[in-house]
Ligand code: GRF
């Protein structure tokens, strides 16, 4: 059974581009049905349209503090598109337990650190401040705790002398573009064992 994948983003969508491209590979167990954003102006929406993928936006701002109402609208649109698998790809809204439970076992995220290190924001600066020798990225299933949940894959990069948060982020992003498609393909095929790319 081919899975119907929605991708949620807030920004430029470079990971989304790689996920969509990967789903065009022969025999891929998923197809992209929707790219959705909380920001109607997100650059990733135009990039998805250019690749022929349906897009949608639910602006979070009119919902104020009512995150449950915002998420109910997200779920309604996702289900109307037939999505049964969600990839968070730079989606910058924290999700409530209710939304996560609804999609649990069907929702992946990519985080730019070697989890369990550096959950949350500013991961690259924190790795540099700690004097770490390496950094990387993690794809995991989404559970209610932030940047937690079963790990599906990790990729590592060296930290080089003179690195800035920006130079390190750029090196990690290259690996995100390899790791996320690899993990999506395995997950959509029912594989749950993590992969570690060096
Ligand atoms: C990536 O670094 C991802 O790890 C983080 O947000 C960024 C999204 O980048 N969660 P892009 O929009 O995919 O280019």
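Could you pull out the residue among 170, 182 that is part of a helix (DSSP H, G or I) and without any contact (Cβ under 8 Å) to a residue 24 or more places away in the chain?
The match here is 170.
Conditions first: (1) crowded, with 21+ Cβ neighbours inside 10 Å; (2) in the same structural domain as residue 168 (by TED's automatic domain parsing). Residue 32 passes all but one, so which condition is the exception?
Among (1) crowded, with 21+ Cβ neighbours inside 10 Å; (2) in the same structural domain as residue 168 (by TED's automatic domain parsing), the lone unmet condition for residue 32 is (2).
Restricting the search to region 3-27, which residues are within 8 Å of the ligand (Cβ to nearest atom) and in contact with a strand residue (DSSP E or B) (Cβ under 9 Å, 6 or more places away or on another chain)?
9, 10, 11, 13, 15, 16
Which members of region 65-82 meet the condition of being touching a helix residue (DSSP H, G or I) at 6+ places or on another chain (Cβ under 9 Å) and either modelled with pLDDT under 95 or more than 16 Å from residue 39 (Cβ to Cβ) (or both)?
Result: 68, 69, 72, 75, 78.
Would it be correct to say that residue 157 is modelled with pLDDT of 95 or more and either assigned by TED's automatic domain parsing to the domain that holds residue 98 or surrounded by fewer than 22 Cβ atoms within 10 Å (Cβ to Cβ) (or both)?
Yes, satisfied.
If only one of 44, 52 is under 21 Å from residue 184 (Cα atoms) and surrounded by 17 or more Cβ atoms within 10 Å (Cβ to Cβ), which one is it?
Going through 44, 52 in turn, the sole match is 44.
Kindly list, by first and then second residue, each pair from a residue in region 67-89 that is within 17 Å of residue 23 (Cβ to Cβ) to a residue that is part of a helix (DSSP H, G or I) and more than 16 Å from the ligand (Cβ to nearest atom), limited to pairs with Cβ atoms under 6 Å and residues at least 6 apart or on different chains.
86/103
What tally of residues in region 148-164 results from selecting those that are outside any strand (DSSP E or B) and closer than 20 Å to residue 91 by Cα?
Summing the residues that are outside any strand (DSSP E or B) and closer than 20 Å to residue 91 by Cα in region 148-164 gives 3.
Would you point out the residue of region 92-113, among those that are more than 11 Å from the ligand (Cβ to nearest atom) and closer than 13 Å to residue 150 by Cα, that is surrounded by the most Cβ atoms within 10 Å (Cβ to Cβ)?
My answer is 108.
Could you check region 185-198 and list, in sequence order, the residues that are in a strand (DSSP E or B) and in contact with a helix residue (DSSP H, G or I) (Cβ under 8 Å, 6 or more places away or on another chain)?
Once the filter is applied, which keeps residues that are in a strand (DSSP E or B) and in contact with a helix residue (DSSP H, G or I) (Cβ under 8 Å, 6 or more places away or on another chain), region 185-198 yields 195, 197.
Go through region 163-181 and report how many residues are more than 13 Å from the ligand (Cβ to nearest atom), in contact with a helix residue (DSSP H, G or I) (Cβ under 8 Å, 6 or more places away or on another chain) and more than 17 Å from residue 118 (Cα to Cα).
Adding up the residues that qualify gives 1.
Condition first: touching a helix residue (DSSP H, G or I) at 6+ places or on another chain (Cβ under 8 Å) and over 15 Å from residue 83 (Cα atoms). Now tell me which residues in region 26-56 satisfy that.
Result: 28, 38, 44, 47, 48, 51.
The values are calculated or read from the model by the stated rules, or taken from the named source; none is laboratory data. These numbers come from a predicted model, not from an experiment. Here the Cβ is made from the backbone with ideal geometry for all residues, glycine too, and neighbour counts use every protein chain on show.
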